[in-house]
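*Asks:* I have a structure I would like to understand better, so I am pasting it below and will then ask my questions one at a time.
The values are calculated or read from the model by the stated rules, or taken from the named source; none is laboratory data. Values in this document were obtained by computation on a predicted structure and should not be read as measured data. Cβ: placed from backbone, ideal geometry, glycine included. Neighbour counts: every protein chain shown.
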Amino acid sequence: MDIFTHSVFGALLYILFLKGVTFEYIAIAIFFSFLPDLDIFLFPLKRIFKSNYLEHRGGSHSYIVGITISAIFSVFFSIFSNKSFFMAWIIGSVFYGLHVSMDLLTTTKIPYLYPLSKKEYSFYIEKAGSSFTFLNSLIFLIIILLMYQNSAELLLFVGVINFYTYFYIFYYLYRIISKIWINRHLKENQKYFPGVLPFYFIIFEYDITRDGISLCIEKKSHFLKSKVIYKNQAILDSEELILFKKANELCNEYYYYAKWTILPIFFRENGIFSVRFFFLETMVRGRTNYVQFDFDTITQQVIEFNRGYGKISS
């Protein structure tokens, strides 16, 4: 999720449930509600320590790490401010954990119990970096700033805060219930993906046989007719199946790509067999990120590797 939504949602829940606590603690709550996403500044350390958990949405997105960091922070906070260590630790841990929980709802897996466990998981409730929640959070911030500058009445100010608080709570509850309901009716070879808007979703259907792969992406809505975004059936010979498996293994060597669902597209030209993997978690309007491996059909070795962003098509 975007930093605006993490901050706004954290502040709203703080105001709703911890109204009597001082300004210093609300600053801690907002800070810890977006702190995990500051892991983007750890990337230089990855080059030194060669650890995938120093990437974005790596080891920082863990409840265990949050409890530890908030404890260290709270020690210094209590020394320099004479405030309660315990209160700062609880607030820091809760709102760091809130960030992790919100990211667990998205379509990008995170190691939520690292370092106790390296297992990664996501609930596929909301798109990561959703433009819908980003826009709503931005509108909320603009409204609050305008009200502050124009000395709005306290009652109106509180009303806006309560409206947005319950809006987000019911929004995520709707997303969760919708996903659970749809999943109950899916086949084993189908997978649910949330759409940008809450009433839309994507169903990815795949079927792998001995000599080929059948793929279908269908955009659905709770109120409108469904629309097929992509449908194709690729027939592969035995050598191409081997190259496809090799490309799949190479793709999984990349920490971030291994988190996502792949849609493979195949190209053949002048002794070159190419496998392009589109990633469905980042798809918006039929366009998404992809990586492509080009193989020499004689040597069966990779001769070129490319990344890009484009429309899913054969």
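*Asks:* Show the residue pairs that are 6+ apart or on different chains and have beta-carbon atoms under 6 Å apart, the first residue being within segment 231-259 and over 12 Å from Gln300 (Cβ atoms), the second being surrounded by fewer than 16 Cβ atoms within 10 Å (Cβ to Cβ) and among the hydroxyl-bearing types (Ser, Thr, Tyr).
*Replies:* Asn232/Ser314; Gln233/Ser214
*Asks:* On the basis of being of a type in the set (A, V, I, L, M, F, W, C) and over 27 Å from Gly271 (Cβ atoms), does Leu224 make the cut?
*Replies:* Taking the combined requirement at face value, the residue satisfies it.
Residues are listed down the side, and each one gets a yes or a no for (1) within 30 Å of Asp103 (Cβ to Cβ); (2) touching a strand residue (DSSP E or B) at 6+ places or on another chain (Cβ under 6 Å):
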{"residue": "Tyr255", "(1), (2)": "yes, no"}
{"residue": "Ile262", "(1), (2)": "yes, yes"}
{"residue": "Phe273", "(1), (2)": "no, yes"}
{"residue": "Arg285", "(1), (2)": "yes, no"}
{"residue": "Phe293", "(1), (2)": "yes, yes"}
{"residue": "Thr297", "(1), (2)": "no, yes"}
{"residue": "Ile303", "(1), (2)": "no, yes"}
{"residue": "Asn306", "(1), (2)": "yes, yes"}
{"residue": "Lys311", "(1), (2)": "yes, yes"}
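*Asks:* May I ask you to list pairs of residues, at least six apart or on different chains, whose Cβ atoms are under 6 Å apart, with the first in segment 180-192 being more than 13 Å from Phe123 (Cα to Cα) and the second being β-branched (Val, Ile, Thr)?
*Replies:* Gln190/Ile203
*Asks:* Tally up the residues in segment 199-232 that are more than 18 Å from Leu280 (Cβ to Cβ) and either in contact with a helix residue (DSSP H, G or I) (Cβ under 6 Å, 6 or more places away or on another chain) or loosely packed, with under 13 Cβ neighbours inside 10 Å (or both), please.
*Replies:* 8
*Asks:* Just to verify a result, which residue in segment 148-181, among those that are farther than 19 Å from Asn136 by Cβ and modelled with pLDDT of 90 or more, is nearest to the chain's Cα centre (by Cα)?
*Replies:* Lys179
Table: residues versus (1) of a type in the set (A, V, I, L, M); (2) assigned to a loop (DSSP other than H, G, I, E, B).
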{"site": "Ala247", "(1), (2)": "yes, no"}
{"site": "Tyr254", "(1), (2)": "no, yes"}
{"site": "Phe266", "(1), (2)": "no, no"}
{"site": "Asn289", "(1), (2)": "no, no"}
{"site": "Phe293", "(1), (2)": "no, no"}
{"site": "Gln300", "(1), (2)": "no, yes"}
{"site": "Ile303", "(1), (2)": "yes, no"}
{"site": "Gly310", "(1), (2)": "no, no"}
